[in-house]
Amino acid sequence: MSEFAPSALGTKEHWDAVYSRELKSFQDFGDEGEIWFGEGSMARVVRWLKAQSIPPTTSILDIGTGNGILLVELAKCGYSNLTGIDYCMNAVELARSICEKEGVSQNVHLEVTDFLVAFHPSERFDICLDKGTFDAVSLDPSGAEEKRRLYIESLCHVLKPQGLFIITSCNWTRDELLNQFGDEFEITDELPTPTFNFGGQSGKSVTALVFKKKSDS
Ligand SMILES: C[S@@+](CC[C@H](N)C(=O)[O-])C[C@H]1O[C@@H](n2cnc3c(N)ncnc32)[C@H](O)[C@@H]1O
């Protein structure tokens, strides 16, 4: 399995600086900020949930929600039991402002918390979403392997038995994600993502998988 070179992208300082800039840009110009991996990756997750006829009251957690735009899109599709967490205060403030502007605040609960150590929800979730957060955790210069272990432990703790975990990653391939999550989760679907061809080989820049939590995890 590949290990990644530690990077600033794995530190809270990095995300604090990013969201402090993005919050200011929203306050000054109304710019909602970056959609990680592009609109397509967000639409893919929303489309998949709608195609499965997931009921609108299903409890959904977005881990490391950033500007919260994925939750805004889900709220606009009728989902009403949405939670977003992020360890950056400015990200949560930005997400809150965007939810207010888009008129979906009543359907989205937002919280500043570190998913790896401090998140203790009163009820478990039916579905957990991750777009880019496990990637960031995997780049943490202060012990990425241990951070990944804590991530999976926390995920198992907050997700109901048989709950779904939908992850979009640009760092890990399908097989690597299976390796990471395979003890506690079984894969149930792979969302179609763009492929590229180079030197006779084809690959993907983004992988999006649906896992189901094993009942004994
Ligand atoms: C690549 S960004 C993706 C943001 C968002 N999911 C999106 O798709 O736009 C990674 C996010 O994870 C958050 N994050 C990283 N580690 C975290 C942790 N331990 N607890 C909570 N949030 C975390 C960062 O603050 C950042 O908002």
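The values are calculated or read from the model by the stated rules, or taken from the named source; none is laboratory data. It should be emphasised that the depicted structure is a prediction, and the values quoted were computed from it without experimental measurement. A quick note on method: Cβ atoms are made from the backbone with ideal geometry, for glycine too, and the neighbour counts reach across all protein chains shown. Heavy atoms of the whole protein, side chains included, go into the accessibility calculation; ligands, DNA and RNA do not. Shrake-Rupley method; radii C 1.70, N 1.55, O 1.52, S 1.80 Å.
Run the dipole for the chain about the Cα centre, Lys and Arg Cβ at +1, Asp and Glu Cβ at -1, nothing else charged, and hand back the magnitude in debye, nearest 20.
So the magnitude is around 520 debye.
Would you pull out the residues with amide H under 5 Å of residue 204's amide H, same chain only if 5 or more places away, H placed 1.01 Å from N?
Those lying under 5 Å, H to H, from residue 204 are 196.
From the phi of every residue in segment 107-122, what ³J(HN,Hα) in whole Hz does the Karplus formula 6.51 cos²θ - 1.76 cosθ + 1.60 yield, where θ is phi - 60° and glycine or proline is x?
Listing the rounded values in order: 9, 10, 9, 10, 9, 8, 7, 8, 4, 6, 9, 10, 9, 10, x, 6 Hz.
Which residue, 90, 158, 113, has the largest displacement toward the positive end of the dipole of the chain when charges sit on each Cβ (Lys, Arg +1; Asp, Glu -1)?
158
Roughly how many Å² is the accessible area per residue of the chain, as a whole number, for a 1.4 Å probe?
Per-residue accessible area for the chain comes out at 48 Å².
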